[in-house]
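The values are calculated or read from the model by the stated rules, or taken from the named source; none is laboratory data. Since the model is a prediction, treat every value here as computed from it, not as a measurement. Here the Cβ positions follow ideal geometry from the backbone for every residue, glycine too, while neighbour counts run over all protein chains shown.
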Amino acid sequence: MPDRALPSRPIPSRKPCLTAVLRMAGLRPTRQRVALAELLFAGSHRHISAEQLHGEANAADVNVSLATIYNTLHQFQQAGLLREVAIDASRSYFDTDTSDHHHFYLEDEQRVVDIPSSSIVIQNLPDAPHGMVVTHVDVVVRVKRQDPEA
């Protein structure tokens with residue numbers, strides 16, 4: 001009896017789902033936005049810089065400029081799809097986990113990792129200036145490897 005090959009099933013694309021997510025967030029699902037969303041949200045939650053995403057886009061043959069990457073990341077952040085983690089004036093990472101939590105910045109590795117929100121207690125927060133409201137508190141704890149000589 002000859003072996004029968006199982007009928008191949010097409011791998012479901014996430015494009016229709018991502019297109020709907022972008023539309024619900026108020027963003028037009030352009031080809032570049034959808035391609036970048038596929039790269040960003042393909043796996044588990046992560047922290048990524050614009051330069052890292054640009055490298056992934058190039059590796060995936062997604063023709064997009066670094067300026068477009070920055071614009072798209074900020075648009076996704078403003079739409080609530082990403083959270084920006086500002087490390088300093090010249091370095092930001094974008095977090096696909098928008099829940100309330102904090103971060104370690106591993107200086108030696110230039111990498112961001114999560115700290116559960118329950119690990120940090122914020123107290124004695126000053127009142128916001130008149131006419132303003134506190135929307136979020138971001139804590140970034142900078143760490144580096146301890147000098148073995150110390």
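Laid out as a table, the results:
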read-out: The range 99-149, subset surrounded by 10 or more Cβ atoms within 10 Å (Cβ to Cβ) and among the polar types (S, T, N, Q), residue farthest from Leu53 (Cα to Cα); value: Ser119
read-out: Output for the range 82-108, where each listed residue is assigned to a strand (DSSP E or B), closer than 14 Å to Val141 by Cα and free of Cβ contacts under 8 Å to residues at least 40 places away in the same chain; value: Asp88, His101, His102, Phe104, Tyr105, Leu106
read-out: Residue within the range 80-89 that is more than 14 Å from the chain's Cα centre (by Cα), of a type outside the set (Lys, Arg) and surrounded by fewer than 16 Cβ atoms within 10 Å (Cβ to Cβ) present; value: yes
read-out: Residue count for the range 61-74, restricted to those that are surrounded by 15 or more Cβ atoms within 10 Å (Cβ to Cβ) and either under 15 Å from Phe41 (Cα atoms) or not polar (S, T, N, Q) (or both); value: 7
read-out: Some residue of the range 24-41 being within 26 Å of Ile122 (Cβ to Cβ), outside any loop (DSSP other than H, G, I, E, B) and among the charged types (D, E, K, R); value: no
read-out: Yes/no for Arg111 being touching a residue at least 40 places away in the same chain (Cβ under 8 Å), touching a His at 6+ places or on another chain (Cβ under 9 Å) and among the basic types (Lys, Arg); value: yes
read-out: Qualifying positions in the range 119-150 - closer than 22 Å to Ser92 by Cα, of a type in the set (D, E, K, R), in a loop (DSSP other than H, G, I, E, B) and at pLDDT 90 or above; value: Lys144, Arg145
